[in-house]
Amino acid sequence: MAARPISFALEETDIPLLDELSAEFGGGNRSEFLRVAMAEFKERLRLKRLQEIRAGVETLHGEALAERGGKVYTTEETLALIRDLRVP
């Protein structure tokens with residue numbers, strides 16, 4: 001895939017920081033730094049989504065536990081409940 005040049009504006013005061021970050025993370029290449037930064041932030045976005053999913057699962061778990069009055073069922077108890085609920 002061919003690279004396509006794009007442009008964006010920065011405050012003059014931000015250019016030294018861009019140069020510093022480009023040197024550290026992009027080998028002095030601003031385009032490479034942007035690619036590295038995009039990959040990093042994509043990973044952060046994945047992590048944020050995973051944390052949101054985990055929080056939702058924990059909320060559901062807490063609600064289910066509350067519905068059972070705090071009772072935790074063993075595997076055998078769970079299977080017995082399922083067997084009892086089956087319609088012949």
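The values are calculated or read from the model by the stated rules, or taken from the named source; none is laboratory data. These numbers were taken from a predicted model, which means no experiment stands behind them. Note that each Cβ is placed from the backbone with ideal geometry, even for glycine, and that neighbours are counted across all protein chains shown. Protein only, heavy atoms only, side chains kept; ligands, DNA and RNA dropped before computing areas. Shrake-Rupley method; radii C 1.70, N 1.55, O 1.52, S 1.80 Å.
What are the residues in the stretch 2-16 that are open to solvent by 100 Å² or more (accessible area, probe 1.4 Å), farther than 13 Å from Arg30 by Cβ and modelled with pLDDT under 95, if any?
The one that is open to solvent by 100 Å² or more (accessible area, probe 1.4 Å), farther than 13 Å from Arg30 by Cβ and modelled with pLDDT under 95: Arg4.
Test Ser31 against the criterion of being touching a residue at least 24 places away in the same chain (Cβ under 8 Å) and within 30 Å of Ala3 (Cα to Cα), and give yes or no.
Against the criterion (touching a residue at least 24 places away in the same chain (Cβ under 8 Å) and within 30 Å of Ala3 (Cα to Cα)), Ser31 qualifies.
Would the stretch 41-60 turn up any residue that is in contact (Cβ under 8 Å) with a residue 12 or more places away in the chain and assigned to a helix (DSSP H, G or I)?
No, every residue in the stretch 41-60 fails to be in contact (Cβ under 8 Å) with a residue 12 or more places away in the chain and assigned to a helix (DSSP H, G or I).
Going through the stretch 27-82 one residue at a time, which ones are farther than 30 Å from Ala9 by Cβ, open to solvent by 100 Å² or more (accessible area, probe 1.4 Å) and not charged (D, E, K, R)?
Gln51, Ile53, Leu60, His61, Val72
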